[in-house]
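The values are calculated or read from the model by the stated rules, or taken from the named source; none is laboratory data. Source: prediction; values computed, not measured. So basically every Cβ, Gly included, is an ideal-geometry build from the backbone, and we count neighbours across all protein chains shown. All accessible areas refer to the heavy atoms of the entire protein, side chains included, with ligands and DNA or RNA removed. Shrake-Rupley method; radii C 1.70, N 1.55, O 1.52, S 1.80 Å.
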Amino acid sequence: MIKIATALSVMLIAATPFAAQATPDDDLKAFRSYFTKKFPNVPVNDFVNGVYAVDSASREQWEAFEEFPSYEIAVDNGEGKFNKKFANGKGYADCFPNYKKGIKQNYPYFDTDSGKVVTMESAINKCRTDNGEKKLKWKKGAITEISAYLASLSRGHKTNVKVPNDAKAIAIYNRGKKHFYAKRGQLNMSCADCHYYYSGSKIRADILSPALGHTTGFPVYRNKWAGMGTLHRRYGGCNKQVRAKPFKAQSDEYTALEYFHTYMSNGLELNGPSQRK
Amino acid sequence: MRITAHITTTTSIVALIGCLGFAPSIASADEAADLAAGKKLSFDRKKGNCLACHEIAGGSLAGNIGPPLVAMKARFPDYEKLRAQISDARTNNPNTIMIPFGPHAVMSSKEIDLVSTFIYTL
């Protein structure tokens, strides 16, 4: 069954009609105006609250959770880990000299030298391997604690992702955009089906969150996970729901998706880490 | 299993009534079993899972992505059109979110028949 699902999803991605002419800036304007028209009563910066921006019924319960948030301990642990020196005497602060001012709003960014997009998590692990330390696991655990700490220092900063006029950067952006709109999996649904076209509708008992503002609150503590997870952990879960084979966390595919997905929230304030059901 | 048991009971009742001389045809026992099976498949999260998107009488916690499934005979005078919609909704709307149950082998042709038969009673 899994094999069928993968084969189908590959076929479908190839078959999806796709116009690449629009610039990232055009896309952003269209994306923004779609959601502000669809949800005229939601102030733009409220989209950072995910489904709770459009689901008044569960908002109160969520606000109560946020009073004593489960991610608080992750932030504390993250601070401790961040400040612990590596075996070579250096530390994370040497890799992220401006961390106290808040840096997460600039991730993911396109690195001209390598021609690749760098995510917050990939930068954390690169800092480690550059200093002779082992990589942390990508989706949960220590890496989410460190990124939760860095996210907490970036609260209130506006998402500021840049797609420079560089063929490689644009290609990565377009790959992410394509992932977002392409039908996939045995159930044949795209991210856009659930989080764009039908955002605000109910799928079974769950209201679907708008994709605008999706990225601002990560990493999140999810009750269902009984722990913290990265954005790529969530991507994997959403791919599995439609019976598509998930990609690996920090794969080129999910990094491209994160690049597009975060760019769409440019100008919205970071509010991570956050709490989800 | 339960379906088989159900068939047996219904059939024996039919047989009994049959002796009394006013038997509904055996086909109606089969029909009842088919409808029960169709309903079960429609509600099963691993099969139709229609409630994810449609309100259906008898189901709870339904989503509202698609229209409530009511008055199906009025909306689909032609049963075959309904079956086609359930088998592959892309025929009517190429970009539909509704799952292509037939072509993607989420349900077999027989299962789609059962689901369609049940939905047609709504």
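Things to note:
- Taking every protein chain into account, the 1.4 Å probe leaves A:Asp130 with about 100 Å² of accessible area, to the nearest ten.
- Rounded to the nearest 20, the Cβ-based charge dipole of segment B:27-120 about its Cα centre (Lys and Arg +1, Asp and Glu -1) stands at 260 debye.
- Over 19 Å between alpha carbons, listed pairs A:Lys116/A:Lys140; A:Lys139/A:Lys183; B:Lys46/B:Lys110; A:Lys178/A:Lys248; A:Lys90/A:Lys135: A:Lys116/A:Lys140; A:Lys139/A:Lys183
- Positive-end residue of B:Met98, B:Pro68, A:Thr159, charge dipole of the protein assembly as shown with Cβ unit charges: A:Thr159
- Per residue, segment B:27-120 exposes an accessible area of 50 Å² to a 1.4 Å probe, with every protein chain left in place.
- In order along segment A:224-235, phi translates into HN-Hα couplings of 4, 7, 6, x, 8, x, 8, 4, 5, 5, 5, 4 Hz, rounded to whole numbers, per the Karplus curve 6.51 cos²θ - 1.76 cosθ + 1.60 with θ = phi - 60° and x for Gly and Pro.
- Take every Cα pair under 8 Å whose residues are at least 6 apart in sequence, average their separation, divide by the length of chain A, and the relative contact order is 29 percent.
- Sequence ranges A:172-178, A:90-96, ranked by mean other-Cβ count within 10 angstrom, highest first: A:172-178, A:90-96
- Largest first, the three principal axis extents of the alpha carbons in segment A:155-254 are 43, 35, 26 Å in whole numbers.
- Semi-axes of the equivalent ellipsoid of the protein assembly as shown are 48, 22, 20 Å, computed as sqrt(5λ) over the eigenvalues of the C-alpha gyration tensor in descending order.
- Build a GNM of chain A with springs between Cα atoms under 10 Å apart, and of A:Thr262, A:Thr36, A:Thr216 the one that fluctuates most is A:Thr36.
- Bridgeable lysines around A:Lys100 (alpha carbons under 16 Å apart, same-chain partners fewer than 8 residues away excluded): A:Lys81, A:Lys84, A:Lys158.
- For the protein assembly as shown, DSSP calls about 75 percent of its internal beta bridges antiparallel.
- Orphan Cys of chain A, criterion: no other Cys C-beta under 4.7 Å: A:Cys191, A:Cys194, A:Cys238
- Peptide-level mean, for A:203-211, of C-beta atoms on other protein chains within 10 Å: 4
- ³J(HN,Hα), Karplus 6.51/-1.76/1.60, whole Hz, each residue of segment B:41-51, x for Gly, Pro: 5, 5, 8, 5, 4, 8, 10, x, 6, 4, 5
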